[in-house]
Structure formats: structure tokens, C-alpha cells
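Notes follow the structure.
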Amino acid sequence: MLVPRPRRVAPAGPSSGGAAGAGRAGFELTASSAITADAELAPVAVWLQGALRPPTGFALPVRPIAGRLSGSIRLAIDDALPAEGYRLRVDADGVDVIGGGAAGVFSGCQSLLQLFPPAIHRRARVTDAAWRLPAVEIDDAPRFAWRGAMLDVARHFLPVRDVLRFIDLMAAHKLNRLHFHLTDDQGWRIEIPRYPRLTEVGAWRHESQVGAAPGAPGDGRPHGGYYTQDDLREIVAYAAERFVTIVPEIESPGHVQAAIAAYPELGVDRPDVDVWTGWGISEYVLNAEESTVRFFCDVLDDVMDLFPGPYIGIGGDECPRVQWRGSARVQQRMGELGLADEGEVQGWFTGRLAEHLRARGRRAFGWDELLEGEPPHDVVVASWRGSAGITIAARLGYDVVACPDDVAYLDYRQSDGPDEPIPVSVPVTVVDAFRFDPVPPGLSPEEAAHVLGGQANLWSEYMDSPRTVDFFAFPRLAAIAEALWSGSGGDEADFLRRLDAHLARLDAMGVEYRRADGPRPWQRRPGIPGRPETRAEREANIAALVAQLPRV
């Protein structure tokens, strides 16, 4: 009943030196059990100890013993296995978790936790449980290297503790990329000491729009928050201990009204504007001055110092060009730069940022609108406009992360039911998410190799609390995790049976997921309009957007 589904699960054979069938009795964790680990796996062993101690009450000392100690959980590395792959064996003598690298051992430990009763996920001692494991052998490895989730903290801020909890939930589902959406029109969430007004001004708005209807009222309640550099170092270190790489995103040259509110000289003709209180796409965009490029390169320098991963997000999506067309100064700059039209302004700006990242050994990561500007080929594209965007990016030779909105946008409503809170776009059900395949049909093997994997996206306009994030994320994120780890095309009925058992684990973790029979009363938002679409309407809208991409 594991989620994601492993490649192979079988009953364990006899334990080493035992009589035929002796190993089938399984294993029970007791107060005398220990964890043994290769030296390089000490951090994983300490993490596992920290996961098992609270509910069991057992000390579970970590011992640097290479061989198996009877009654122990042994962690080891076997270079013959894939780096993220693992082999898990449980028999009467104990447990072996062997991985191709530390990340593989960690994934094996997550599967080990799922073999215990769900109460293993409680954070205080459980006195009425027996910690028995079935005799089993599991061989497993992921299909995709990029298994991610995007968390939007710009529209609604999440405190550090809730970000750490989300990372734990990602790791429990073998997800390994957190796309951290830190800036947007409605808020700037990262401290940049040389530009203090980004957080003094840009991190706060005086209210938030209620619902999605045009002209919807505000709630009259100020909202904001930001992460200090120490906060972000903590988040990065916490994620690294769980083999989650954080991909920070600084939006540009659109979705920047919060930055312009803080520093009007970044905008077109120095507008006087507040941090946006509404939802949608703001018309305020960056100007084309060299000083503005330098400003954002300075920001990216701080971002790179804080986030050691290879990918840095630069946005690039949904950038209106009306202000550029109407500005005499931008038109003058276009002439100075030899840019033929306003679309090339966007490509010029994001290209400069990508070049700056490359000079420091990083790769720019941005939305598929980047393709409209012929970006450098080391850019990684997050393709959200259906499968067409994925296909175009891969055929043009770009590495691509698939996140098509019709199956991977978890802010979309979860059914056609009238009780769905602030219903957005088309329904994306658990089964829809389970059917997600990052590789569209028709790609050659060489083109398909450019698909690094995929991610689910959690835009937070209507997620104003951690409880609401839970409701929209789960259990659909569990289905996305299976699609990315195990691959598409699995047995849906089998998945739903395993998911039903998995919900007991989510209960023990305190996750307020959406129930199969609909939202609970406190999860509804009666009387607040959304913006629902039919499938036909959504497909037509996406087709119009895809038409702006290059032809292949």
C-alpha cells in the first residue's frame, strides 16, 4: 500500500543463515533496536532516528557499524544502484535500506516509514501500537529526476514553520524540487539588504481581493511578511537534509508591481503605485534601463548566495507590453538596443538575467513565455500551456519541466460541485492528476530526454492559510508524486486503493486534505465567486496562448 508505487515489491525470502521460510515472520522494532549506518549516511540515520523516536519512545542509537547488527535497521550504499534508487529488505533479523547514494537511502527510509502503522507519523509517543513490519523486499528507483511542487508565497505569505512542514510533506512523497515563488505583484518575500524598501514597502499590501470576480471588493485587512536571509538559510538547510533542492523565483519583467511600489525608478516612467491588492496580471512592468538590469542582477547575486542549487527562477511569464508601447523612453531604448518590437524587450531583459546567472555557474529557470524571445539553450523551461508547450520546448532543444495547467495546477477546482471554494478554471481531480505524463506523445527519444520531469503548481491567490494549502494540495499532490516517481499508465483502481490507505498517514501527519465526498463545511467559501471554465473554454484559451510560441 505504498505511495508512490515502487517498481517491485515481493515477500522476503529466508533471512541469512535461517531455515527455509524463517525470514517470512517479519520484524518488530523494539526498545533494543538500533540504527547502523555507513559514515556518509550519518545525517540520514539521524533523520530516521528523529522520525521514529517520538511515536515509539525508543532511543534507537545510531552506530557506525558497516555490517548488519541483529535487530537493527542498517543503512548502506551500493554504487551499483541508481543514485536515487534503493533496495529495502525486511526479515526477522532486521531491516536493510541500501541506496545508490544518500538520496536513494533517504527514499528507502520514506518507504520504510510507510510499512509501519500510520501512527508512526505521530509526533508524540503512541502507547497502544506494535511497531511490526511485514517481511518484504522492495526494489525501486524514480522515472524522473525533477519531481517538484511550486509553492506561491507571494500572494499569501506562509511563515517559516509552514514552509518547513510543506518540505516534510514533499519528502514523504519522494518529491525533490521546491519551486519557491518569492515575488509577484502582490508581495516581495525575500530580504535583500542593499535594497531594504523591497521588504519595507514591497512585502505588505493594505488588503486582499475577495474572490475572482472583476471589481470584487477587498477584505480591508493588511497582509504581508517576508523571509530574512537567516530564515532562508534555515529553509535551504532543512530542505537539503531531506534531499529537496529549492529553486527560488524572482519574477521579471512582469509580475513586478510590488518591486515598483518600493522603487518607482524600476517602472516605466516612474509610476506612483502601491503593492497590488487584486489578482490577475498587473499592467506595471519593468523599464528597459541598464540601471534596472543592474538592480535585478544585484538581487540575483543575493539569491545565488542564499540558494546553492543549480537553477534560479527569473519568471518571464504574463508580461503585458502596453506600457512599453506607450512610453517614449522605452521606444527610444528599443532603438538604442536594436530591438524590433516590444516582444524583443522581454527577451532582451530575461536574456541579460540568464547571462548573469550563467557567469556564476547557474542556469536560468523560467516559464514557457521565455521561448517567445529565443532564450539561450541552457535555460530550463517550465511549460504550463498544455502539452504543446512541452513539445515545442523539447523539439527546440530546451530542457523542460512539465507543469500543464489542466492536470498540474492544484489551485484549480477539484470537482464541478457547488461547494468547491472559490472555484477556478476546470476541475482537476485526483484521477486527472494521477494521469499526468510529463512526456507528450510524438516526441523522439532524443526530444523526450529533454523532459527533466514535472511539478505541481500551487498558486495561492485563494489559499490564505496553511489549512487551505492542505485542502488544495492533497491528495492530488500524492497522485502527482506517483506519476513523477513511478511513471504514468498505472492501474487507477490499484492507485485509489493504495491512496485510501495512504489517507490514514495524512491524518496522522495532520494534513487537512480534501475528502473524496467533497469539502467539509470549514473548507467551503460560500458566496465568494470564482472563475470557473469549461474544458472547451480552457482549451481555446490555451490554444490562443500557445499560438504565440515558436513553430516547430
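The values are calculated or read from the model by the stated rules, or taken from the named source; none is laboratory data. Nothing here was measured: the structure is a model prediction, and the numbers come from that model. Cβ atoms come from the backbone with ideal geometry, glycine included; neighbour counts cover every protein chain shown.
Tabulated results
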item: Of all residues in the range 397-428 being surrounded by 24 or more Cβ atoms within 10 Å (Cβ to Cβ) and β-branched (Val, Ile, Thr), the one that is farthest from Trp367 (Cα to Cα); result: Val428
item: Filter result for Pro134 (over 17 Å from the mean Cα position of the chain (by Cα), more than 18 Å from Tyr238 (Cα to Cα) and without any contact (Cβ under 8 Å) to a residue 60 or more places away in the chain); result: no
item: Restricting the range 373-396 to residues that are farther than 22 Å from Arg362 by Cα and either part of a strand (DSSP E or B) or among the polar types (S, T, N, Q) (or both), the residue that is modelled with the lowest pLDDT; result: Ser387
item: Any hit, the range 178-196, residues being touching a strand residue (DSSP E or B) at 6+ places or on another chain (Cβ under 6 Å) and closer than 19 Å to Met509 by Cβ; result: yes
item: Condition check for Val431: in a helix (DSSP H, G or I), under 23 Å from the mean Cα position of the chain (by Cα) and modelled with pLDDT of 95 or more; result: yes
item: Scan of the range 519-547 for residues that are within 26 Å of the chain's Cα centre (by Cα), assigned to a loop (DSSP other than H, G, I, E, B) and more than 11 Å from Pro421 (Cβ to Cβ), ordered by number; result: Glu533
item: Filter pass, Val439 being modelled with pLDDT of 95 or more, in the same structural domain as Arg524 (by TED's automatic domain parsing) and over 20 Å from Arg538 (Cβ atoms); result: yes
item: Complete set of residues in the range 385-403 that are among the aliphatic types (A, V, I, L, M) and farther than 13 Å from Ala449 by Cα; result: Ala388, Ile392
item: One residue from Gly85, Gly57, Gly50 being under 20 Å from Lys174 (Cβ atoms), at pLDDT 95 or above, surrounded by fewer than 21 Cβ atoms within 10 Å (Cβ to Cβ) and of a type outside the set (A, V, I, L, M, F, W, C); result: Gly50
item: Criterion: within 30 Å of Leu115 (Cβ to Cβ) and either in contact (Cβ under 8 Å) with a residue 60 or more places away in the chain or in the same structural domain as Ile528 (by TED's automatic domain parsing) (or both) - qualifying residue of Ala145, Ala203; result: Ala145
item: Test: residue in the range 341-364 that is assigned by TED's automatic domain parsing to the domain that holds Arg294 and over 33 Å from the mean Cα position of the chain (by Cα); result: yes
item: Among (1) assigned to a loop (DSSP other than H, G, I, E, B); (2) in contact (Cβ under 8 Å) with a residue 12 or more places away in the chain - the single one Pro418 does not satisfy; result: (2)
item: Residues that are part of a loop (DSSP other than H, G, I, E, B) and of a type outside the set (Val, Ile, Thr), drawn from the range 46-68; result: Gly57, Phe58, Ala59, Leu60, Pro61, Pro64, Ala66, Gly67, Arg68
item: Only listed residue being under 27 Å from Asp419 (Cα atoms) and aliphatic (A, V, I, L, M), chosen from Leu496, Leu443, Leu452, Leu484; result: Leu496
item: Selection count where residues are surrounded by 20 or more Cβ atoms within 10 Å (Cβ to Cβ) and closer than 18 Å to Ala328 by Cβ, scope the range 267-311; result: 8
item: Meets criteria (crowded, with 21+ Cβ neighbours inside 10 Å and in a strand (DSSP E or B)) for Ile260; result: no
item: Top-ranked residue in the range 492-524 [being out of contact with any Asp or Glu (no Cβ under 9 Å at 6 or more places or on another chain) and buried (at least 18 other Cβ atoms within 10 Å of the Cβ); ranked as nearest to Phe116 (Cα to Cα)]; result: Arg505
item: Test: residue in the range 184-191 that is in contact (Cβ under 8 Å) with a residue 12 or more places away in the chain, acidic (Asp, Glu) and in contact with a Ser or Thr (Cβ under 7 Å, 6 or more places away or on another chain); result: yes
item: Conditions (1) in a helix (DSSP H, G or I); (2) within 25 Å of Val244 (Cα to Cα); (3) more than 15 Å from the chain's Cα centre (by Cα): number failed by Val439; result: (1)
item: Conditions (1) in a helix (DSSP H, G or I); (2) within 25 Å of the chain's Cα centre (by Cα); number of the one not met by Gly489; result: (1)
item: Any hit, the range 210-222, residues being under 24 Å from Tyr263 (Cβ atoms) and either buried (at least 19 other Cβ atoms within 10 Å of the Cβ) or at pLDDT below 95 (or both); result: no
item: Hits in the range 321-351 (condition: part of a helix (DSSP H, G or I) and hydrophobic (A, V, I, L, M, F, W, C)); result: Val322, Trp324, Ala328, Val330, Met334, Leu337, Val345, Trp348, Phe349
